[in-house]
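Enquirer: Sending over a structure as structure tokens; questions will come in a sec.
The values are calculated or read from the model by the stated rules, or taken from the named source; none is laboratory data. Keep in mind that what you see is a predicted model, and the values were worked out from it rather than measured. For neighbour counting, all protein chains shown are included, and Cβ atoms are generated from backbone atoms with ideal geometry for every residue, glycine included.
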Amino acid sequence: MVPADEGGRLMRTDLLDDPVDGLDEALAAVDAFDDALVAGLLRPQPAQTDGIAALAAALAGTPLASLVAEAADKTAAGTAGEDHLVALAAARTALMGSVHDALTARIGDVTGRPAAEETPQAATGEEPAAPVLAAARAWLCDLARAGWRGIDHELVGGAAPVVSALLPDPALRRQATLLDGFAAELAASCPGATLERVPVRRWADLWSRALLLTLPGAARTPAVSTATGRLLPLGVDVQEHATAVQAQVHAVFEPADGTRPRLVRAAVSAPKPDTVVGAGLWQLLRPRMSLLAAVSEGRAVELDAMPVTAEGDLVWDDEHARAGEPADPFATARVVLATATDPLTAPLDRHPARIAVPVLLEGYAAEREDDGPLTFTIAGHRLAVDTDRVPAAGPLTPEAIAASGACLGLLRWDAGAFLLQPLAVETTVRKKTVAVHAGAWAGGTTDKAGVRAEKAATDTVAVLRERAGKLLRS
């Protein structure tokens, strides 16, 4: 991660360029099946049956082989039932999971960090009502039979009563949110026959994930343990949508019992109007999590029996946290990050799009050719930098990243290559090293640009609340 004489480990960036065995073949099988979904599986044509067969062939020799082979045969004949479509969704998910595992194994080789040991933990909670999940499954199967080119408002509208039935049950909010968002995307694209471009992999991802989440046991709450010790924040990843925003804090947790430190995450989300953007987002998130103030102030957080899942997700509760001593994220990364264990990944979350691994890069040269993407060159190897993911809700800018000498970021994989999403950089201002963090304004700011953005958001929120109050009183 950092030069060995500073107590860290060298990051093997050369491994990021090496091909991963079997990766292209697995993705080709997924793409072949995804293409079959475009025209629908009700009356598959030869090209579609070839794609379905490719998926089944990729699972040969696995525990799913016979189940998927039968499902492929039935689908090719146009007689696939619900169970067969579920089997195909499971096969696709398993292949994407294998891609995820191969990529995370490669990242483990790059960083030299060990993965956490898996300990079996039973999920908790009662099994949700089967009828509403069966209704969701039936709608998703009808969707696959029609295909993305066959969607219309009547078919997509069939999701509305299902979502309405899912929402009252807190245990089914995950499924309800996924179905609601998926249906909204489809509705905005109707009729499918006139679409110029179909987001083939994205819709196949959403479809297969949603279908598997309707199966018994998928909705149970993950088992949690408790975490007591010191939390050292590294950075904040802000994910914004027109109607929602989430801030996910990546951090190193040092257990009080002296066991090995590990990487953890803590997230807070909130609904938002589409007029609240930039630094105004923090006004929606700040009241829900004290951790954001600690991130902004550069402090550690002392945890006392904070709930945490086996996957390293803190179930944040302010009652179990108090602000600690000052803690510089770059110092944390240089001293502790290389020895922290990487978190596990839940089975249904094994997807390359979910990869976001904290890393520290130093000693690179930043380059940008013409209007192309920014890249960091480290020991002769180039790594693309995803500046589009840098949020407008903080002082971190593409210019600061290009002028930096050290970068804390998330290593991701997209479009067939590894890339870096910066969370913070160290740059030189007037001969002094200055750290610039994407989440610097999370707990408030005296920065002039941040203050102006917050004031604009305050005015917007006040107007919206006033209007909402009038509507409720009328």
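Enquirer: Taking the range 249-265 on its own, how many of its residues are farther than 17 Å from Leu337 by Cβ and part of a strand (DSSP E or B)? Steps first, answer last, please.
Expert: Taking the range 249-265 and keeping what is farther than 17 Å from Leu337 by Cβ, we get 256-258.
From what's left, part of a strand (DSSP E or B): none.
Counting residues in the range 249-265 that are farther than 17 Å from Leu337 by Cβ and part of a strand (DSSP E or B) gives 0.
Enquirer: Six or more apart or on different chains, Cβ under 6 Å: which pairs go from a residue in the range 338-357 that's at negative phi to one that's β-branched (Val, Ile, Thr) and modelled with pLDDT under 95? Could you list them?
Expert: Final answer for the pair search is Val357/Ile107.
Enquirer: Out of the residues in the range 420-472 meeting the condition of being among the polar types (S, T, N, Q) and under 20 Å from Gly298 (Cβ atoms), tell me which one is modelled with the lowest pLDDT.
Expert: Initial filter on the range 420-472 (among the polar types (S, T, N, Q)): 421, 427-428, 433, 445-446, 458, 460.
Add one more test, that the residue is under 20 Å from Gly298 (Cβ atoms), and what stays is 427-428, 433, 445-446.
Working: Thr427: 91, Thr428: 86, Thr433: 89, Thr445: 75, Thr446: 72.
So, considering only residues that are among the polar types (S, T, N, Q) and under 20 Å from Gly298 (Cβ atoms), the one modelled with the lowest pLDDT is Thr446.
Enquirer: From the list Leu361, Leu337, Leu314, which one is among the hydrophobic types (A, V, I, L, M, F, W, C), crowded, with 16+ Cβ neighbours inside 10 Å and touching a Cys at 6+ places or on another chain (Cβ under 9 Å)?
Expert: Matching residue, one of Leu361, Leu337, Leu314: Leu361.
Enquirer: Filter the range 359-396 down to residues that are within 22 Å of Arg113 (Cα to Cα), touching a residue at least 60 places away in the same chain (Cβ under 8 Å) and part of a loop (DSSP other than H, G, I, E, B), then give me how many there are.
Expert: 2
Enquirer: Still on this structure, I have one more. Quick check, is Thr62 in the same structural domain as Leu143 (by TED's automatic domain parsing), at pLDDT below 95, within 30 Å of Val357 (Cβ to Cβ) and not aromatic (Phe, Trp, Tyr)? Can you show your working first?
Expert: Working: in the same structural domain as Leu143 (by TED's automatic domain parsing): yes; at pLDDT below 95: yes; within 30 Å of Val357 (Cβ to Cβ): yes; not aromatic (Phe, Trp, Tyr): yes.
In short, yes.
Enquirer: So, one more: Being among the hydrophobic types (A, V, I, L, M, F, W, C) and out of contact with any Leu (no Cβ under 9 Å at 6 or more places or on another chain) narrows it down to one residue among Ala300, Ala293, Ala340; which is it?
Expert: On the way: Ala300 fails: out of contact with any Leu (no Cβ under 9 Å at 6 or more places or on another chain); Ala340 fails: out of contact with any Leu (no Cβ under 9 Å at 6 or more places or on another chain).
That would be Ala293, the only listed residue that is among the hydrophobic types (A, V, I, L, M, F, W, C) and out of contact with any Leu (no Cβ under 9 Å at 6 or more places or on another chain).
Enquirer: Something else about it: Restricted to the range 340-352, and to residues that are of a type in the set (A, V, I, L, M) and outside any helix (DSSP H, G or I), which residue is surrounded by the most Cβ atoms within 10 Å (Cβ to Cβ)?
Expert: Ranking the candidates gives Ala340 first.
Enquirer: Can you give me the ranges of the helices (runs of 4 or more DSSP H) entirely in the range 33-115 with at least 2 residues that are touching a residue at least 40 places away in the same chain (Cβ under 8 Å)?
Expert: Working: elements: 46-58, 65-76, 82-111.
By residue number, 82-111.
Enquirer: Can you tell me which residue is nearest to Ala39 (Cα to Cα) among those in the range 143-196 that are at pLDDT 95 or above and among the charged types (D, E, K, R)?
Expert: So, considering only residues that are at pLDDT 95 or above and among the charged types (D, E, K, R), the one nearest to Ala39 (Cα to Cα) is Arg149.
Enquirer: For the range 31-44, give me each residue that is farther than 26 Å from Leu133 by Cα and at pLDDT 95 or above.
Expert: The answer is Asp31, Ala32, Asp35.
Enquirer: Still on this model: Can you tell me how many residues in the range 261-279 are surrounded by fewer than 23 Cβ atoms within 10 Å (Cβ to Cβ) and in contact with a helix residue (DSSP H, G or I) (Cβ under 7 Å, 6 or more places away or on another chain)?
Expert: Residues flagged as surrounded by fewer than 23 Cβ atoms within 10 Å (Cβ to Cβ) and in contact with a helix residue (DSSP H, G or I) (Cβ under 7 Å, 6 or more places away or on another chain) within the range 261-279 amount to 8.
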